[in-house]
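Worksheet for the structure shown next.
The values are calculated or read from the model by the stated rules, or taken from the named source; none is laboratory data. It should be emphasised that the depicted structure is a prediction, and the values quoted were computed from it without experimental measurement. No Cβ is skipped: glycine too gets one built from the backbone with ideal geometry, and neighbour counts run over all protein chains shown. Each accessible area value is taken on the protein alone, full model and side chains, heavy atoms only, with ligands, DNA and RNA left out. Shrake-Rupley method; radii C 1.70, N 1.55, O 1.52, S 1.80 Å.
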Amino acid sequence: MIRLQGDIVDESTQKDNSRIIPFMKLLFIFLDGIGLGDNDPQVNPLARAEMPNLMRLLEGRRLTATNAPFRGEHATLLAIDPALGVDGLPQSATGQAVLLTGRNIPRELGYHYGPKPNPEVAAYLNGETLFSQCVRHGRKAALLNAYPPRYFHGIDSGKRLYSSIPLAVTNADLRLFTEKDFYEGRALSADFTGEGWRTMLGFPDAPLMTPQEAGRRLVSLAMEYDFSMFEYWASDYAGHKQQMDTAVGLMEVFDGVMGGIVESGRWDEMLVVVTSDHGNMEDLSTRKHTGAPVPALVIGNKTAREEFTRGMTDLTHIAPAIWKMVSQD
């Protein structure tokens, strides 16, 4: 049975102060290209994968459209709109920029855009993001992904462009974590476990950990910051390539990470938020993005969850809710 510390609230104070919650650290796990799809294991890896930790959090439910909204003892799941009233399928650059700013950028521009930000989208990522706000107001923030040397070589040479999230980090004068940070335990590999650094990046001595260990490490690192973020982008690639086995494996790794997070979570001090920028991997019948709603999965103290998700219906509500949480004294 999952037990989250800090879920017991004094009802005598809750009645009068139901919208007052203490400062909490916020860990934001971004799952790229994950919508809430049908409960159909033929096309939806989230309906096929073995995800016991997530199902315990959701009290026997899967991460599919029919199970949202859900408000349980330990987790809240909402279906939120990534399209934001703009024609066309949601895209990565604008969707991620909305998540980081709270502004309806597609509506202001008149279009969805991606995968990498064009100059118009990039302009929103300079000074208006959660990372910039944290720096400006003296809050400590970080992106917990470690980037290999060839990533920085690609950026420096102009052969690679920043996606929205690392662009927001660097624009806030925060550094991206490096190979050294990964080896010394200050950041995690993009696949959580480090296996990709060995098999794909050519680092035979790269540190390895189980998904559960990665979840515990994420919590440990997140406790060092007021706001921290981790980007799991491989899910979007698996969706575009329509790779069911790969997608199932990615979701089972993620479930293991969630198990480690729950085991070591500091639920009287931390809220964990999981969401996405657009649908994709939940429907492998197509290579394209989808118009599906995306999950807003929030784990932690029940009172904090209730306040965090109050009135939440679309991507623009994520950033203001995060900032409200981490900016309180």
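Under a plain spin-label model, where a point goes 7 Å from the Cα along Cα-to-Cβ, how far apart in nm are residue 136 and residue 240? Here the answer is 3.2 nm between the modelled labels. Extension gain for the segment residue 205 to residue 324, taken as residue separation times 0.36 nm less the Cα-Cα distance, is 38.7 nm to one decimal. Separation of the alpha carbons by more than 31 angstrom is noted, of 180/288; 288/324; 140/302; 140/180; 116/140, for 180/288; 288/324.
On full extension, the segment bounded by residue 269 and residue 198 gains 22.1 nm, given 0.36 nm per residue less the C-alpha separation.
Between rounded, prolate and oblate, where does the chain land on the alpha carbon gyration tensor, with a ≥ b ≥ c its root eigenvalues, rounded for a/c under 1.5, else prolate if a/b exceeds b/c? Rounded is the answer for the chain, as its axis ratio a/c remains below 1.5. Using only Cα atoms, what is the ratio of the radius of gyration of segment 163-293 to 2.2 N^0.38 Å? Dividing the Cα radius of gyration by 2.2 N^0.38 Å gives 1.11. Expressed as a whole percent, the accessible surface of the chain that belongs to carbon and sulfur atoms is 49, based on a 1.4 Å probe. Note: relative contact order over segment 98-236, using C-alpha pairs below 8 Å and six or more positions apart, is 26 percent. Averaging 1/r over each pair of different alpha-carbon atoms in segment 155-240 and inverting the result gives 14.3 Å, the Kirkwood hydrodynamic radius. Among the trypsin sites (Lys or Arg not before Pro) within segment 176-230, those in coil by DSSP and having at most 16 neighbouring Cβ atoms inside 10 Å are 186. Secondary-structure-derived ellipticity at 222 nm for the chain, considering helices only, amounts to -10500 deg cm²/dmol, per-run term -39500 (n - 2.57) for DSSP H runs with n ≥ 4. Extents of segment 188-235, largest first, come to 34, 20, 15 Å (Cα atoms, principal axes, whole angstrom). Calculated on the alpha-carbon coordinates, the convex hull of segment 218-312 measures out at 101 cubic angstrom per residue.
Figure the gain on full extension for residue 126 and residue 42 (residue separation times 0.36 nm, minus the Cα-Cα span) and round it to one decimal in nm. Using 0.36 nm per residue and subtracting the Cα-Cα distance, I get 26.1 nm.
With every protein chain in place and a 1.4 angstrom probe, the accessible-area ranking of 159, 324, 25, 288, largest first, reads 159, 288, 324, 25.
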